[in-house]
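Please read the structure below before turning to the comments.
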Amino acid sequence: MDIAFLLGLLFRWLHILAAIVAVGGTVFARFVVLPTLNEWPAEERARLHAALRARWSKIIQAAIAFLLVSGLYNIAVTSIKYTVPAWYNPLFGVKFLLAMIIFAVASLLIGKTPLADQVRRNAPFWLNLNIALAVLVVCISGILRTADKVPKQPVQAEMPVSGPATP
């Protein structure tokens, strides 16, 4: 096994695991945490929500970082090594834009700014949006993964042509 293969495998694992954690945590927050918090008195709910947010924010920040680094690595390697169908890069662009929206919403939901407080007032809507967008990103990823990629041929240096030998 060469280092490029191992590095590619590592970045693929990082990408998939970060996505699993971020999306799974979002589903858990929307369908378990929020309904449970709504059953608590307002003061206790606010205190618990702040504690959960403080811990979750570190995980989300790490997941976003891993997704960005590994995703950019993966698309760079794909661009260097393969010729892809004409629709591949535009579809990747859509995936990347949707991911940026997901990251922005997730950051607002864990943030400490007045805008973040305002977004959290309608947390179910924003969590539902992020879940729907994440499903769409996963579906796009499946299409991109199965696209016909043709390995690029390595560029070979031309051999110098020598003229007739002179005595």
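The values are calculated or read from the model by the stated rules, or taken from the named source; none is laboratory data. Everything numeric here is computed off the predicted structure, so don't read it as measured data. Every residue, glycine among them, receives a Cβ derived from its backbone with ideal geometry; neighbour counts consider all protein chains shown.
Hey, could you check the stretch 20-67 for residues that are among the hydroxyl-bearing types (Ser, Thr, Tyr) and touching a residue at least 12 places away in the same chain (Cβ under 8 Å) and say which is surrounded by the most Cβ atoms within 10 Å (Cβ to Cβ)? Working first, answer last.
Of the residues in the stretch 20-67, the ones among the hydroxyl-bearing types (Ser, Thr, Tyr) are 26, 36, 57.
If we keep only those that are touching a residue at least 12 places away in the same chain (Cβ under 8 Å) too, we end up with 26, 57.
Details: Thr26: 23, Ser57: 16.
By that ranking, first place goes to Thr26.
Test of understanding: among Leu97, Leu115, Leu37, which residue is among the aliphatic types (A, V, I, L, M), at pLDDT 95 or above and in contact with a helix residue (DSSP H, G or I) (Cβ under 9 Å, 6 or more places away or on another chain)?
Leu115
For the stretch 133-152, the count of residues that are within 16 Å of Thr78 (Cβ to Cβ), within 22 Å of the chain's Cα centre (by Cα), among the aliphatic types (A, V, I, L, M) and assigned to a loop (DSSP other than H, G, I, E, B) is at least one. Based on this model, can you work out whether Trp13 counts as without any contact (Cβ under 8 Å) to a residue 12 or more places away in the chain and not charged (D, E, K, R)? Here the answer is yes, as Trp13 does meet what is asked.
The criterion of at least 3 residues that are of a type in the set (A, V, I, L, M, F, W, C) and under 21 Å from Val21 (Cβ atoms) is met, among helices (runs of 4 or more DSSP H) falling completely within the stretch 36-120, by 42-81, 88-110. Within this structure, Phe66 fails the test of being among the aromatic types (Phe, Trp, Tyr) and under 17 Å from Asn128 (Cβ atoms). Considering (1) without any contact (Cβ under 8 Å) to a residue 12 or more places away in the chain; (2) exposed (fewer than 14 other Cβ atoms within 10 Å of the Cβ), the lone condition that Thr83 does not fulfil carries the number (1).
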